[in-house]
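Below you'll find the structure, written out as structure tokens, and then a few comments.
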Ligand code: FAD
Ligand code: DLZ
Ligand code: SF4
């Protein structure tokens with residue numbers, strides 16, 4: 001009586017529910033490298049290398065424990081190259097009598113799994129994924145019939161439920177739930193962010209990297225700077241490195257951006273958390289311990305814990321609550337194709353260039369770059385949410401649909417009409433100028449909203465696109481109290497100025513669609 005226990009590439013966790021109660025003598029673990037998972041979007045090369053290396057290391061660790069593992073390598077000629085195909089093949093070959101698996105992180109894989117019983121003729125048990133801090137039952141109960149879901153209230157519930165940063169049942173540490181107001185500083189010129197710990201590829205990772213270069217040569221990104229942790233031990237070292245060297249200033253500079261500083265004081269633990277190498281509660285407890293021992297201030301620790309206990313759990317809840325219809329909404333009617341420079345980085349907008357080129361080289365950009373630079377541009381320019389979602393799924397090492405979609409579709413693009421956030425995160429160049437030093441070296445002038453003849457530098461595209469965006473959606477935003485202010489400001493502007501900005505926006509956007517090398521006709 002063999003039970004086949006299927007472990008997916010983002011389920012490399014020893015505590016996985018699919019492995020609970022495993023019988024080492026009779027059960028068989030199946031892990032399968034398959035082309036279909038590597039190509040359903042053309043993931044960044046580093047993401048594929050990370051997942052396959054983590055899978056190989058995890059399989060080795062299970063074997064070292066005495067468990068039986070059937071591992072399908074991508075280049076094995078017998079490999080059917082799909083999850084369902086490998087489950088059917090190995091179930092047949094091993095004479096398995098039932099299959100156990102943990103709920104996957106993406107809707108499309110759950111749909112596929114629901115067909116495995118018919119495919120194999122065996123009972124398939126899909127267990128809840130216990131690696132999250134909020135079960136779906138709890139999230140559904142919290143969401144209930146609420147008209148409007150808000151992360152902040154969910155987060156408070158989670159603080160109460162876990163006791164993280166709590167002094168008493170209704171007493172948050174420091175007397176407040178949230179210290180976000182302290183977390184909006186630009187980087188001080190004298191501050192040099194410490195470089196995060198890098199994990200040099202071992203033999204297993206190098207083998208996988210060669211495989212990726214061979215099999216997925218046309219995928220986005222480069223492998224040269226690959227330095228991700230690929231085992232649970234390394235992921236813990238990455239967390240410890242963050243807590244020791246960057247956590248203390250994580251809060252202050254959480255929203256900052258700087259030329260040549262791709263990681264600032266961020267943790268870089270998203271990729272490890274999302275493929276199962278790091279436990280979210282372990283990350284939160286490590287940060288809380290640093291606060292209690294006086295090694296990091298409360299604004300930093302609360303800010304970090306809010307990202308993991310609050311945002312990460314909240315977006316997962318929204319995803320499973322709203323899928324599959326969520327993905328197809330397009331509240332702002334955005335239809336423009338994604339500009340080519342999202343792939344090439346060839347743009348004269350310094351902020352966009354920095355975010356895109358580091359994404360190509362590192363499979364990483366931090367939250368404010370994703371939200372307020374590449375996301376904000378896509379929002380203002382009215383780019384088709386499906387194309388933007390695909391880009392975010394492709395380019396980041398931590399991208400899985402359960403977390404990518406609510407962040408992109410909901411938070412960045414407002415395509416869900418306000419499920420995730422009560423107002424669009426739209427901003428002009430002034431925001432980017434306040435939070436970064438990108439504008440200083442930019443071909444555009446952040447102080448201008450329209451280009452002027454004879455000027456050396458044309459207007460910052462974020463400026464005229466912002467006002468064009470507000471104008472296009474003025475009727476809708478006028479009904480939203482949180483957007484009423486820019487709509488009123490626009491109404492008070494001189495009509496000629498508004499017309500000039502709209503004209504400039506139209507020319508710029510037409511240039512984007514034509515794939516013009518110069519995006520802004522107003523710039524020299
Ligand atoms: P830190 O800034 O150090 O934060 C610590 C951890 O908090 C992160 O590792 C992550 O696990 C969690 N976290 C922080 N913000 C969020 C958030 N908004 N939602 C969920 N978890 C959060 N995150 C992903 O994990 N995968 C994605 O595919 C993804 N796509 C995004 C797309 C857009 C448009 C935006 C705006 C955000 C996206 N995020 C995504 C959220 C966030 O940007 C990343 O989690 C973060 O940048 C990862 O880097 P870090 O580990 O250094 O994070
Ligand atoms: C992301 C990924 C990649 C690149 N490759 C594999 C793979 O070969 N085998 C596998 O089991 N999982 C892989 N994954 C992770 C899956 O895409 C992930 O489990 C689903 O998207 C559900 O979150
Ligand atoms: Fe970005 Fe505009 Fe600043 Fe250039 S001027 S870096 S485009 S915000």
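The values are calculated or read from the model by the stated rules, or taken from the named source; none is laboratory data. Everything quoted here is computed from the prediction, not taken from an experiment. With ideal geometry, Cβ positions are generated from the backbone for all residues, glycine too; neighbour counts draw on all protein chains shown.
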Condition set surrounded by fewer than 20 Cβ atoms within 10 Å (Cβ to Cβ) and outside any loop (DSSP other than H, G, I, E, B), scope the stretch 18-53, selection farthest from the chain's Cα centre (by Cα): answer is 19
Test residue 302 against the criterion of being over 26 Å from residue 421 (Cβ atoms) and either more than 16 Å from ligand 2 (Cβ to nearest atom) or surrounded by fewer than 22 Cβ atoms within 10 Å (Cβ to Cβ) (or both), and give yes or no. no
Within the stretch 341-350, identify whether any single residue is buried (at least 23 other Cβ atoms within 10 Å of the Cβ) and farther than 30 Å from residue 226 by Cβ, and answer yes or no. no
Checked against (1) within 9 Å of ligand 2 (Cβ to nearest atom); (2) under 22 Å from residue 201 (Cβ atoms); (3) in a loop (DSSP other than H, G, I, E, B), residue 8 satisfies every condition except (2)
If I go through the stretch 321-356 residue by residue, how many of them are free of Cβ contacts under 8 Å to residues at least 24 places away in the same chain and over 23 Å from residue 514 (Cα atoms)? 2
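Each row is one residue, and each column tells you yes or no for (1) in the same structural domain as residue 317 (by TED's automatic domain parsing); (2) within 16 Å of ligand 2 (Cβ to nearest atom); (3) in a loop (DSSP other than H, G, I, E, B).
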{"position": "352", "(1), (2), (3)": "no, no, no"}
{"position": "369", "(1), (2), (3)": "no, no, no"}
{"position": "378", "(1), (2), (3)": "no, no, no"}
{"position": "394", "(1), (2), (3)": "no, yes, no"}
{"position": "404", "(1), (2), (3)": "no, yes, no"}
{"position": "415", "(1), (2), (3)": "no, no, yes"}
{"position": "447", "(1), (2), (3)": "no, no, yes"}
Check off (1) within 15 Å of ligand 2 (Cβ to nearest atom); (2) out of contact with any helix residue (DSSP H, G or I) (no Cβ under 8 Å at 6 or more places or on another chain); (3) assigned to a helix (DSSP H, G or I) for residue 76 and give me the number that stays unchecked. (3)
Considering only the stretch 160-180, state which residues are in contact with a helix residue (DSSP H, G or I) (Cβ under 9 Å, 6 or more places away or on another chain) and not in a helix (DSSP H, G or I). 164, 165, 166, 167, 169, 170, 172, 176, 177, 178, 179
Looking for something over 30 Å from residue 345 (Cα atoms), surrounded by 18 or more Cβ atoms within 10 Å (Cβ to Cβ) and not assigned by TED's automatic domain parsing to the domain that holds residue 268 - is there at least one such residue anywhere in the stretch 225-233? yes
Return yes when residue 418 is touching a helix residue (DSSP H, G or I) at 6+ places or on another chain (Cβ under 9 Å), closer than 22 Å to residue 319 by Cβ and surrounded by fewer than 22 Cβ atoms within 10 Å (Cβ to Cβ) and no when it is not. yes
Among all residue pairs at least 6 apart or on different chains, which show Cβ distances below 6 Å where the first residue, located in the stretch 1-29, is touching a residue at least 60 places away in the same chain (Cβ under 8 Å) and more than 25 Å from residue 236 (Cα to Cα) and the second is assigned to a loop (DSSP other than H, G, I, E, B) and within 12 Å of ligand 2 (Cβ to nearest atom)? none
Grab the helices (runs of 4 or more DSSP H) fully contained in the stretch 231-347, keeping just those with 1 or more residues being away from ligand 1 (no atom under 12 Å from the Cβ). 232-245, 247-250, 280-292, 298-305, 313-322, 341-344
